[in-house]
Amino acid sequence: MSGARGLNWFLLLPSLLLLAVLLGLPLAAMLAQSLQPNVLLSFTGPALDNYGYLLSRPYYLQVILRTLRHAALTTLISLPLGYIAAMLLRDLSGRAGNLAIMALTFPILAGPLTVALGWMALLADGGPFLGPLVRAGLIAPPRLLGSETGVIISLIQFVLPFTVLTLYTGLRQIQPQLQEAARSLGASGAARFLHVTLPLSLPSVLSASIIAFSLAASSFISPHYLGGAGQLTLTTLVSQFIMATFNAELAAAAAGLLLVLMLAAVVGITLAIGRFIRP
Amino acid sequence: MPELVLSHITRRFSGHTAVDDLSLTVRDGEFVCLLGPSGCGKTTTLRIIAGFERADAGRLTLDGTDITHAPPEKRDIGLVFQSYALFPHKTVAENIGFGLKMRRRPRAEIARAVEEALALVRLDGLGGRYPRALSGGQQQRVALARALAIRPRLLLMDEPLSNLDAQLREEMRVEIRRIQQQLGITAILVTHDQSEALAMADRVAVMAHGRLQQMAEPAAIYEAPATAFVGGFIGQVNTLEGQVEQAGAEGAVLSLPGGTRLAGQGEGLSAGSAARALVKQERLTLSRTEPAGLPNRFPCRVTERTYLGGSIAYRCEAANLSLTALLPNHPLFERFSPGDEGWIGFSAADCAIFPC
Amino acid sequence: MKQLCKAAGGLYLALLYLFVAGPLLFVIATSFNPATSFPAPFEGLTLSWYTAILARPEFLSGAGVSALVAALASALAVMVAFLAAYALSRPGGAGGRGAMATLLASPLLVPQVVLSLAMLQLASAWGVGTGFWGLVAAHAVYVMPFALRLVLTGLARFDFAVEEACRSLGGGWWATWREVTLPLLRPSLVAGFTFCFILSFVNLPLSLFLTSPSTATLPIVMFAYIESRIDPMIAAVASVIVLVAGLATILLDRYLHVRLVD
């Protein structure tokens, strides 16, 4: 319908404008700034020297690798945890199932800041779990706050509701009759999972991986509160550049790097999982 | 006079032509069924008449006024949807009165019209219910009442009975026909169900590949199909392909591969060209003895018997052809079993030959 | 054996939920603890931390700013998302819907800190301050994909034939929207707004570089407060947010029958 097509573009215009003006333009301004000289580096812009600077200093390389490591570990751990939970939730029915799914949206809505407060208390050496053990002299203070372990624990907790919900949606879309068909053809539980459920759930595994990786790599609150200055990631590095060292150009370059790395990861994950998706 | 005229209507979608140079006239007060297999363009035609689809070429007039480019809301055409499309957030009465509300009629008039429409479809007293509290058949009646409440110049129905179970469907056929007659309204119903079309329509328009194949009274569509498509689509048919041996006003002879010759009737045939003979299954006779009066008769063996309740279908193999005969399940008709020998036969008048 | 599996499954889910919701529950518990350090062993029950909030006007004004930003950003996002979702869901519309939906979801892939920085640098490139509207802009872009998702879910269950029914009965396009489309989609629109509102209200990183003392949102006020000290009062503030989020969750589920998944 060509008449309808005209109308469609008319209706899409506001959202496309919103994206262009409030996302495209700011990102363009940021990337432009990332190509400019600054107090630390003098060069005749626009050039890629800021990126070169970040990529050639071991300290910043550490930050980049840490960001990727956090995201990768969070994804790898939360996927199987979430998959099992989604399978169990799928078998729940009626009110219990509704309630369980609703409960998962609750931490998302409460927001990561309140959750981070909880982790700061729970993971502290004097907290409710570790405190008594430390005071009784049973364990040495594990110093989870400010450690990579602490950050990853809180990232997994932050990401899990999203992965469970995504996988749950995908698993629910698989017709239950397929299970019955496989069963009538003699497939055992393991075979049914391997040959029916898993292959058909791969699209949702792909989306869940992308969501988990992006959320973890772009998280600011977890590394800031649970990692601190010793565990900088690209997001907290950006805020350091802006709020402590006042270097807007390096901040822009760090943010640009984060964007590029995330895009590359999304493409990589899509290629890695996508080739198993049929048709 | 509300007379609908479609002239040379064409609608193309990317790649294929859904409606191809369609011309037809629906007379005042007439009930026309658009019949055809899925994808034949009948629903697109209906949507063009309703105004939801535009025609790429052609003209549409209702009552002598050109409505080709009028928006749907200005056409005064009632439409009954396959899914009924009742407004789930409005009561039955609000649904039925909606068209009049859009026309800014006074409230009292709307209330009166709703009562009348409810009575017409025999749903008195259900005006306060919501659609989801009604059965499928009742929803169907509300959809009809809603379309009729605006006193449309034309009533369109898109497969209105396809979501009902068999018994209710038969009932609604009679009901819709009764209401149409009572109001004297011009109506078009789209269906893929030939018995529905034959049972309800004053005239049936058979469509295939976007083209009008034939438009005639039900008996004419069944007895005298104009094209091979119509002959093959309507009823249960045996199809035999061969070469025209002889053609003329008094009859034609078709020679089948293997040498068997059939006497039949057909127009536009020329000797030597390929052609197709169509014989309705219930026009075949199956007997133990040779049916002397029939020009087409062949000794055969029954290979398969299908019990259909009201009738019995026998699959019969003759020398070079295989035919299915449909015999009434009645004591006057002989019974056969697979393996039985017999004679199969049919008249030349029942053997319609079409060029192909 | 079967029973054992079921029990193991139940235990697994219970542990997972404890892990996911545990920190929140602990924050709530801490807010009633009279001990002045954080964390500290429980010493009793008190509401004094909640009354202490009232003595700090920046929290109240922060909540006001957050509510205003969230309301404006969500309203803008839901309006824009509704139009786009409608265009993407209409039968017989343009091809490339999948690509368009992906494009419109692209803000999800931009880290919030990056968006905040980008907005700041656009403002400085133009030589203007970021101000209140910069905040609204960043929040609107960020929540729009969530609104789009919820409205698309609602539209997937919408029978577009009712729009045609309305038009065949004489309704123009505006009457059709007013009488049929918008009323039937209201649950999705309200759910979309509520969800976006909460997401925006609790968000810290989006506002990180965009606030001034007069436009500090509640999470920014909390952020500043935590930098200097951490005590149960901040847990009380967090608990209030959790309470609001919890009410919103129940509201979304109970009264609107709309969830993130379907």
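The values are calculated or read from the model by the stated rules, or taken from the named source; none is laboratory data. Since the structure is predicted, the reported quantities are computational estimates derived from the model, not experimental observations. Quick reminder, even Gly has a Cβ in these numbers, built from the backbone with ideal geometry, and neighbours come from all protein chains shown.
Out of the range B:197-211, which residues are crowded, with 22+ Cβ neighbours inside 10 Å and under 16 Å from B:VAL26 (Cα atoms)? Steps first, answer last, please.
At the first step, the residues of the range B:197-211 found to be crowded, with 22+ Cβ neighbours inside 10 Å are B:197, B:200-201, B:204-207, B:210.
Answer for the range B:197-211, where residues must be crowded, with 22+ Cβ neighbours inside 10 Å and under 16 Å from B:VAL26 (Cα atoms): B:ALA197, B:MET200, B:ALA201, B:VAL204, B:ALA205, B:VAL206, B:MET207.
The residues in the range B:155-203 that are more than 11 Å from the chain's Cα centre (by Cα), assigned to a helix (DSSP H, G or I) and not basic (Lys, Arg) can be counted, and the count is 14.
Yes/no matrix, rows are residues, columns are (1) within 13 Å of chain C (Cβ to nearest Cβ); (2) touching a Gly at 6+ places or on another chain (Cβ under 7 Å); (3) among the small types (Gly, Ala, Ser); (4) not in a helix (DSSP H, G or I):
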residue	(1), (2), (3), (4)
A:ALA100	yes, no, yes, no
A:PRO107	yes, no, no, no
A:THR114	yes, no, no, no
A:ALA124	yes, no, yes, yes
A:ARG143	no, no, no, yes
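Can you spot a residue in the range A:82-96 that is within 12 Å of another protein chain (Cβ to nearest Cβ), modelled with pLDDT under 80 and not in a loop (DSSP other than H, G, I, E, B)? Yes; the residues of the range A:82-96 include at least one that is within 12 Å of another protein chain (Cβ to nearest Cβ), modelled with pLDDT under 80 and not in a loop (DSSP other than H, G, I, E, B). All conditions in (1) under 30 Å from A:ALA100 (Cβ atoms); (2) over 25 Å from the mean Cα position of the chain (by Cα); (3) of a type outside the set (D, E, K, R); (4) facing chain A (nearest Cβ under 10 Å) hold for C:PHE19, with the sole exception of (2). Checking each residue in the range B:315-331 for being more than 12 Å from B:SER287 (Cα to Cα), aliphatic (A, V, I, L, M), out of contact with any helix residue (DSSP H, G or I) (no Cβ under 7 Å at 6 or more places or on another chain) and at pLDDT 90 or above picks out B:ALA318, B:LEU323. Pairing residues of the range B:29-40 that are closer than 9 Å to B:THR191 by Cα with residues that are polar (S, T, N, Q) and surrounded by fewer than 21 Cβ atoms within 10 Å (Cβ to Cβ), at Cβ distances under 7 Å and at least 6 apart in sequence or on separate chains, gives B:LEU35/B:GLN194.
Of all residues in the range B:49-98, exactly one satisfies the criterion of being of a type in the set (Gly, Ala, Ser), surrounded by fewer than 18 Cβ atoms within 10 Å (Cβ to Cβ) and free of Cβ contacts under 8 Å to residues at least 40 places away in the same chain, namely B:ALA70.
Matching residues to (1) farther than 21 Å from A:ALA265 by Cα; (2) within 14 Å of another protein chain (Cβ to nearest Cβ); (3) touching an Asp or Glu at 6+ places or on another chain (Cβ under 9 Å); (4) at pLDDT 90 or above:
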{"site": "A:GLY24", "(1), (2), (3), (4)": "no, yes, no, yes"}
{"site": "A:PRO46", "(1), (2), (3), (4)": "yes, yes, no, no"}
{"site": "A:TYR51", "(1), (2), (3), (4)": "no, no, no, yes"}
{"site": "A:PRO58", "(1), (2), (3), (4)": "yes, no, no, yes"}
{"site": "A:LEU68", "(1), (2), (3), (4)": "no, yes, no, yes"}
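Based on this model, can you work out whether B:LEU294 counts as outside any strand (DSSP E or B) and either in the same structural domain as B:GLN243 (by TED's automatic domain parsing) or over 27 Å from B:GLY251 (Cβ atoms) (or both)? So B:LEU294 fits the description; yes. Residues that are away from chain A (no Cβ under 12 Å) and either assigned to a helix (DSSP H, G or I) or not aromatic (Phe, Trp, Tyr) (or both) do occur in the range C:192-204, at least one of them.
To keep it simple, each residue is scored yes or no on (1) touching a His at 6+ places or on another chain (Cβ under 9 Å); (2) part of a loop (DSSP other than H, G, I, E, B); (3) modelled with pLDDT of 90 or more.
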| residue | (1), (2), (3) |
| --- | --- |
| A:VAL196 | no, no, no |
| A:PRO199 | no, no, yes |
| A:GLY230 | no, no, no |
| A:THR235 | yes, no, yes |
| A:ALA264 | no, no, yes |
| A:VAL267 | no, no, yes |
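Among the residues of the range C:30-81, those that are surrounded by 18 or more Cβ atoms within 10 Å (Cβ to Cβ) and farther than 30 Å from C:LEU135 by Cα comprise C:THR30, C:PHE32, C:ASN33, C:PHE38, C:PRO39, C:ALA40.
Considering every residue within the range A:171-180, establish whether at least one is closer than 30 Å to A:LEU113 by Cα and modelled with pLDDT of 90 or more.
Within the range A:171-180, the first condition is being closer than 30 Å to A:LEU113 by Cα, and the residues that meet it are none.
Looking for residues that are closer than 30 Å to A:LEU113 by Cα and modelled with pLDDT of 90 or more, one finds none in the range A:171-180, hence no.
For the range C:29-48, a residue qualifies if it is hydrophobic (A, V, I, L, M, F, W, C) and either assigned to a helix (DSSP H, G or I) or within 14 Å of chain A (Cβ to nearest Cβ) (or both), and the qualifying residues are C:ALA29, C:PHE32, C:ALA35, C:PHE38, C:ALA40, C:PHE42. Residues that are more than 7 Å from chain A (Cβ to nearest Cβ) and either more than 22 Å from the chain's Cα centre (by Cα) or among the β-branched types (Val, Ile, Thr) (or both) within the range C:75-86 comprise just one, C:VAL78. Here the helices (runs of 4 or more DSSP H) wholly within the range C:87-174 that include at least 2 residues being free of Cβ contacts under 8 Å to residues at least 60 places away in the same chain, among the small types (Gly, Ala, Ser) and facing another protein chain (nearest Cβ under 7 Å) are C:112-125, C:161-168.
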